[in-house]
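As structure tokens, the structure follows; a few thoughts come after it.
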Amino acid sequence: MEMQKTCGHGPGELEASLPSREQLERTAELFRALGDPERLRLLVKLGQAERCVSELVGDDDNFSTVSARLHHLLRARLVLRRRESKHMYYRLADEHVVRMVRDALDHADES
């Protein structure tokens, strides 16, 4: 996203280049989903490989808590899931999510 200078432009010119309200709402939902450290940790783990829910449950978590976090990420379209027998497997939705998480972590680590 390139920053534009505003001087010398009429108000209608800049408004026309803005995203739609619907696109801004969907993007805000992505950032809300990314705003929780434990959901972000799940995304990092899923960036390494597809995993079933039981593989994502850590020592400090329980199955229902992890499932709720994954459901939140699913609603935000950050992850996809598939069922295999009794197990539900999750993976990142696409390469955009991989880059977004990696870029966010890199940006947070900048001094």
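Every read-out reported here was derived from the displayed coordinates using simple, explicitly stated rules and does not represent laboratory data. Note that this is a predicted model, so its numbers are computed, not measured. Don't worry about glycine lacking a Cβ; one is built from the backbone with ideal geometry, like all the others, and counts go over all protein chains shown.
Do you know the relative contact order of region 19-109, to the nearest whole percent, from alpha carbon pairs under 8 angstrom that are 6+ apart?
Once divided by the residue count of region 19-109, the mean separation gives 29 percent.
Mind giving me the nanometre distance, one decimal, between the label points for Arg75 and Tyr89, set 7 Å out from Cα along Cα→Cβ?
It is 2.6 nm.
Taking only the alpha-carbon positions of the chain and ignoring solvent, what does the Debye formula give for the base-10 log of I(q)/I(0) at q = 0.12, 0.15, 0.22, 0.23 Å⁻¹?
For the chain at q = 0.12, 0.15, 0.22, 0.23 Å⁻¹, log10 I(q)/I(0) is -0.53, -0.73, -1.22, -1.30.
If we restrict to alpha carbons, what Rg and Dmax does region 24-87 come to, in Å?
11.8, 38
Given the options Leu43, Leu18, Leu73, state which has the largest fluctuation in a GNM of the chain using a 10 Å cut-off (strictly under) for Cα springs.
In this elastic network of the chain, the residue with the biggest mean-square fluctuation among Leu43, Leu18, Leu73 is Leu18.
Add +1 for every Lys or Arg and -1 for every Asp or Glu among the other residues with Cβ under 15 Å from the Cβ of Glu95, and state the total.
Local charge sum for Glu95: +1.
Build a GNM of the chain with springs between Cα atoms under 10 Å: which of Asp59, Asp94, Asp36 gets the top mean-square fluctuation?
Asp59
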